[in-house]
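Mind looking over this structure? Questions follow.
The values are calculated or read from the model by the stated rules, or taken from the named source; none is laboratory data. No experiment lies behind these values; they were computed from the predicted model shown. Backbone-built Cβ (ideal geometry, glycine too); neighbour counts: all protein chains shown.
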Amino acid sequence: MDEDWAADVRKHAPGADEGAIAGIVRYCGIALRNRDSALVSFSDPAETGRVRENYLKKKLGLTDPDSDLDAAIAGVGAHMGDDPTRNRVTVYYLLADRFGKLGLFGGGAAAPVATAAPAGAVPLMAVPAAAVPAATPATAKRRVGAGLWPAVPLLLLLLSAIGLFWIISRGHPGPAAAPAAADSVVAPAAAPAAPAIPVGMGLTQEEIDGVPSASVYFDTAKTDVSPEIVGVAARFKAYLADHAGAKLAVSGYNDPRGDAAMNAELSKNRAMAVRDALVANGIAVEAIDLVKPEATSDTTTSLENARRVDINVV
């Protein structure tokens, strides 16, 4: 999908942080290429449950009660109620902003949350200056003198104790004090980088909210499938076994060079080759749909990335 994710986020969050948006796009990765996986269905309890468990808890590290997290998800859905698309990037941005977690994706530091003062307490900054009597030179002098004199005997006693300790320690050195441990600083987790696109035959895979996705890449004008498909097929097979009714959408693309008709046929043959490889590795053919993209020639990316077949759960 060729989407302006930042523009969609700004429809619901004017002034949204560009760095955080880019980080969330990287986190979502290849899931954004397919329209179904690029959207969030707030009417599907299974999907909102995955958002809670895999995004809010695992990615954002939240420990709030499930009821609070579900309420936050529902609140974002209500906020986006007039938007029929509900893009995943926008949903994730609004949730991260709601919990002050944009820094995990490279966004600016969140404003500190104000803590309410105990009942009856008066904030320090709220004390009027007139409540504190001003000191005149005379009263200031009396205060200084009166404050210092009682401390003189204590000061002499302290100096004597220090001198005695120094004399004793010269002959009996004690154990060296352990160096103070530096305050540990935990840096926010960086958003994971998108998988590197292979040059020629290869494969990338990701998992967003517990849902696997993959892209299979090809050499120029070829339909040979990478041997890595064996491991990927096993992940998809396990997911389909645990999610009744789920299916795989397989879509083929080509780079824009050459004859358009031949390229369209090449994209179809690549998709069929991936489907056959998935079936050969234990996935029922009835669980796989060949989905033709609106445009098989991908002009929005590099030539290597354009020569691919996307596999997404629908």
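Name the residues in the stretch 73-107 that are acidic (D, E) and modelled with pLDDT under 90, would you? Reasoning before the result, please.
At the first step, the residues of the stretch 73-107 found to be acidic (D, E) are 82-83, 97.
Selection gives D82, D83.
Can you tell me which residues in the stretch 206-242 are more than 13 Å from N281 (Cβ to Cβ), in contact (Cβ under 8 Å) with a residue 12 or more places away in the chain and outside any strand (DSSP E or B)?
D209, G210, F218, D219, T220, A221, K222, T223, D224, Y239 - these are the residues of the stretch 206-242 that are more than 13 Å from N281 (Cβ to Cβ), in contact (Cβ under 8 Å) with a residue 12 or more places away in the chain and outside any strand (DSSP E or B).
Something else now. Is it true that some residue in the stretch 264-282 is over 19 Å from L32 (Cβ atoms), of a type in the set (G, A, S), surrounded by fewer than 17 Cβ atoms within 10 Å (Cβ to Cβ) and at pLDDT 95 or above?
Looking through the stretch 264-282, at least one residue is over 19 Å from L32 (Cβ atoms), of a type in the set (G, A, S), surrounded by fewer than 17 Cβ atoms within 10 Å (Cβ to Cβ) and at pLDDT 95 or above.
Residue-wise test of (1) modelled with pLDDT under 90; (2) in contact with a helix residue (DSSP H, G or I) (Cβ under 8 Å, 6 or more places away or on another chain); (3) more than 26 Å from P212 (Cα to Cα).
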| residue | (1), (2), (3) |
| --- | --- |
| L32 | yes, yes, no |
| R35 | yes, no, no |
| A109 | yes, yes, yes |
| A129 | yes, no, yes |
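Within the stretch 7-40, how many residues turn out to be surrounded by fewer than 17 Cβ atoms within 10 Å (Cβ to Cβ), in a helix (DSSP H, G or I) and of a type in the set (G, A, S)?
Counting residues in the stretch 7-40 that are surrounded by fewer than 17 Cβ atoms within 10 Å (Cβ to Cβ), in a helix (DSSP H, G or I) and of a type in the set (G, A, S) gives 2.
Sticking with this one: Within the stretch 41-66, track down each residue that is of a type in the set (S, T, N, Q) and either modelled with pLDDT under 90 or in a helix (DSSP H, G or I) (or both). Let's see the steps before the verdict.
Narrowing the stretch 41-66 to residues of a type in the set (S, T, N, Q): 41, 43, 48, 54, 63.
Across the stretch 41-66, the qualifying residues are S41, S43, T48, N54.
Please determine, by comparing only the residues of the stretch 202-227 that are of a type outside the set (G, A, S) and either surrounded by fewer than 17 Cβ atoms within 10 Å (Cβ to Cβ) or at positive phi (or both), which one is modelled with the lowest pLDDT. Don't jump to the end; show me each part of the working.
Going residue by residue through the stretch 202-227, those that are of a type outside the set (G, A, S) are 203-209, 211-212, 216-220, 222-225, 227.
Now restrict to residues that are either surrounded by fewer than 17 Cβ atoms within 10 Å (Cβ to Cβ) or at positive phi (or both): 207, 209, 219-220, 222, 224, 227.
Details: E207: 88, D209: 84, D219: 95, T220: 93, K222: 95, D224: 96, P227: 94.
Per the stated criteria, the residue is D209.
If E53 meets every condition in (1) within 28 Å of G252 (Cα to Cα); (2) among the charged types (D, E, K, R); (3) surrounded by fewer than 19 Cβ atoms within 10 Å (Cβ to Cβ) apart from one, which number is that one?
The number of the failed condition is (1).
Being assigned by TED's automatic domain parsing to the domain that holds I208 and more than 27 Å from the chain's Cα centre (by Cα) is true for just one of A273, A246. Which residue is that?
Working: A246 fails: more than 27 Å from the chain's Cα centre (by Cα).
Exactly one of A273, A246 is assigned by TED's automatic domain parsing to the domain that holds I208 and more than 27 Å from the chain's Cα centre (by Cα), namely A273.
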